[in-house]
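Enquirer: Before I ask anything, let me first share the structure, which is written out below as structure tokens.
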Amino acid sequence: MAEHYDVIIIGTGAGGGTLAHALAGSGKRILLLERGNYLPRELENWNPRPVFVDGRYISKDTWFDPDGKPFQPQVHYFVGGATKLYGAALYRLRPQDFGELRHVDGISPAWPLTYDDFEPWYTQAEQLYQVHGNGGEDPTEGHRSAPYPWPAVSHEPRIAEISEGLEKGGYRPFHAPCGILLDEANRPASTCIRCTWCDGYPCLVHAKSDAEVIAVRPALGRDNVTLLTGAEVTKLETDPGGRVITGVVVSRDGDRAVYTGDIVVVSAGAANSAKILLNSASDAHPHGLANGSDQVGRNYMFHNCKAVVALSKEKNDTVFQKTLGINDFYFPTEDYEYPAGNIQMIGKSNAEAMRGEKPKLTKLSPEWTLSDVAGHAVDFWLTTEDLPLPENRVTTDADGNVHLSYQPSTWT
Ligand SMILES: Cc1cc2nc3c(=O)[nH]c(=O)nc-3n(C[C@H](O)[C@H](O)[C@H](O)COP(=O)(O)OP(=O)(O)OC[C@H]3O[C@@H](n4cnc5c(N)ncnc54)[C@H](O)[C@@H]3O)c2cc1C
Ligand code: SF4
């Protein structure tokens, strides 16, 4: 007979891991199913070559484009999900983001919920993820019912200089909100050592506010929470009416196991959640589970972003660079009538990361030239919103593989 739980949560990333933490205190029997394993703690965590050039922590998964061409989707299957490698920039959306926004390529429609609906939950999440920031510095921010739990991470001299320069130029730079376990008032006791290997790397000393460290591990301290790693959910089975999930089918080490739960949460990431629901098609749900609307997998949105590297004569010796944000172009301005998005910093560039990001461009460059460029570079990260186009979607084929159709929008 299948093992029964009150709640089954599929995926342990930002969504599933945080939910497990929130529910753990209820005493309910909770099962976490995670296809990945714990990310190994090893020196390679902080080495740009294995991380960026060799793709050591990227899954072997293969997805397909609309022409059936296979590609490697650069996803991370670990306890903690994508947050194991994330940049820990923990921004709230702005109140206007929940309304209709006119972009250069079309309309981003209004959400059925508002910023005010989310505000108390943003506050709770900021407390849990120990976000460092200075509320009120960024004029685009919505209201907050509580300050950030930690003061903002300080600028290093070169970034402070840039921030002052921007202010003199009439811009309103602010300290970027960030989820690292850094105690600047007590550096010897701080979990975070403020190193340069943060953005895009796993944290060797478990000082990044990722879902494993912040949410999953503490939840597992309770007897009512169980985690199965290497457990890939392949299908949800339902009763003949198709309204009740009767089994969560798992593939683990080549074996098939089935679990049941009163509540089943699908939080396997945007594409994999759609994959699970679409692959759960049955006579009751011929187009996939919860897909009577034909919406599952549609309106796929991407991370519309670009790194911009500014070179100056001055050396940039910054170690932890992700401390500055600029939202002066987030909404329409006098010079540009559409929202352009957020500017923040990325982790300090180095020769290997440049090689990993742009292998063709850097192929003929000797190591010293890239190191010299990186030594003078100030590295910005530009992010804007793409449109939730219905034709941008995840589908699955007869073998259950993910096919992704995606046309970029709002690039100009
Ligand atoms: C390099 C990088 C940097 C980023 N930087 C930032 C940042 O600075 N700030 C920010 O806000 N966001 C950032 N993000 C994005 C952020 O990490 C994601 O938006 C967030 O993790 C999504 O949470 P999720 O729970 O939906 O999915 P995930 O975190 O991806 O978690 C999904 C989990 O489900 C598991 N899973 C998938 N399929 C199955 C299955 N069939 N059965 C069982 N388990 C399954 C996966 O292994 C994974 O653990 C970054 C992402 C990356 C990759
Ligand atoms: S800066 Fe802190 S959180 Fe980031 S990798 Fe280094 S020690 Fe970890």
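Enquirer: Could you list, in sequence order, all residues of the stretch 242-254 that are in contact with a strand residue (DSSP E or B) (Cβ under 8 Å, 6 or more places away or on another chain) and either buried (at least 17 other Cβ atoms within 10 Å of the Cβ) or not polar (S, T, N, Q) (or both)?
Expert: 244, 245, 247, 248, 249, 250, 252
Enquirer: Somewhere in the stretch 210-221, is a residue more than 10 Å from ligand 1 (Cβ to nearest atom) and more than 20 Å from residue 129 (Cα to Cα)?
Expert: No, the conditions are met nowhere in the stretch 210-221.
Enquirer: Just the residues that are within 6 Å of ligand 2 (Cβ to nearest atom) and not small (Gly, Ala, Ser), please, taken from the stretch 202-212.
Expert: 203, 205, 208
Enquirer: Identify, by number, the condition in (1) in contact with a strand residue (DSSP E or B) (Cβ under 7 Å, 6 or more places away or on another chain); (2) within 16 Å of ligand 1 (Cβ to nearest atom); (3) under 18 Å from residue 198 (Cβ atoms) that residue 309 doesn't meet.
Expert: (2)
Enquirer: Continuing with this model, one more query. So which residues in the stretch 202-219 are over 17 Å from the mean Cα position of the chain (by Cα), open to solvent by 10 Å² or more (accessible area, probe 1.4 Å) and of a type in the set (A, V, I, L, M)?
Expert: Hits for the stretch 202-219 are 204, 205.
Enquirer: Would you check if residue 167 is free of Cβ contacts under 8 Å to residues at least 24 places away in the same chain, out of contact with any Phe, Trp or Tyr (no Cβ under 6 Å at 6 or more places or on another chain) and open to solvent by 40 Å² or more (accessible area, probe 1.4 Å)?
Expert: Yes, satisfied.
Enquirer: For the stretch 297-342, name all the residues that are open to solvent by 20 Å² or more (accessible area, probe 1.4 Å) and among the hydrophobic types (A, V, I, L, M, F, W, C).
Expert: 301, 302, 305, 307, 308, 309, 310, 311, 319, 329, 331, 340, listed by residue number.
Enquirer: Residue by residue through the stretch 92-109, note down the ones that are among the small types (Gly, Ala, Ser) and within 17 Å of residue 411 (Cβ to Cβ).
Expert: 106, 108
Enquirer: Yes or no: residue 189 over 30 Å from residue 352 (Cβ atoms) and within 16 Å of ligand 2 (Cβ to nearest atom)?
Expert: Taking the combined requirement at face value, the residue satisfies it.
Enquirer: Moving on to the next point. Just one of (1) hydrophobic (A, V, I, L, M, F, W, C); (2) within 16 Å of ligand 2 (Cβ to nearest atom); (3) closer than 24 Å to residue 235 by Cβ trips up residue 33, so point out which.
Expert: (2)
Enquirer: Restrict the check to the stretch 184-201 and report whether at least one residue is over 22 Å from the mean Cα position of the chain (by Cα), hydrophobic (A, V, I, L, M, F, W, C) and within 15 Å of ligand 1 (Cβ to nearest atom).
Expert: For the stretch 184-201, residues over 22 Å from the mean Cα position of the chain (by Cα), hydrophobic (A, V, I, L, M, F, W, C) and within 15 Å of ligand 1 (Cβ to nearest atom): absent.
Enquirer: So, one more: Modelled with pLDDT of 95 or more and at positive phi: is that true of residue 221 in this structure?
Expert: No: the conditions fail for residue 221.
Enquirer: Which residue out of 231, 271, 257, 281 is open to solvent by less than 50 Å² (accessible area, probe 1.4 Å), over 24 Å from residue 20 (Cα atoms), away from ligand 2 (no atom under 16 Å from the Cβ) and modelled with pLDDT of 95 or more?
Expert: 281
Enquirer: List, please: which pairs have Cβ atoms under 6 Å, are six or more places apart or on different chains, and start with a residue in the stretch 79-94 that is under 18 Å from residue 385 (Cβ atoms) and end with one that is within 11 Å of ligand 2 (Cβ to nearest atom) and in a loop (DSSP other than H, G, I, E, B)?
Expert: Cβ pairs passing all conditions: 87/199; 90/179.
The values are calculated or read from the model by the stated rules, or taken from the named source; none is laboratory data. Quick caveat, the model's predicted, so the values are computed rather than measured. Don't worry about glycine lacking a Cβ; one is built from the backbone with ideal geometry, like all the others, and counts go over all protein chains shown. Ligands, DNA and RNA are stripped out before the accessible areas are found, and what is left, the full protein with its side chains, is counted by its heavy atoms. Shrake-Rupley method; radii C 1.70, N 1.55, O 1.52, S 1.80 Å.
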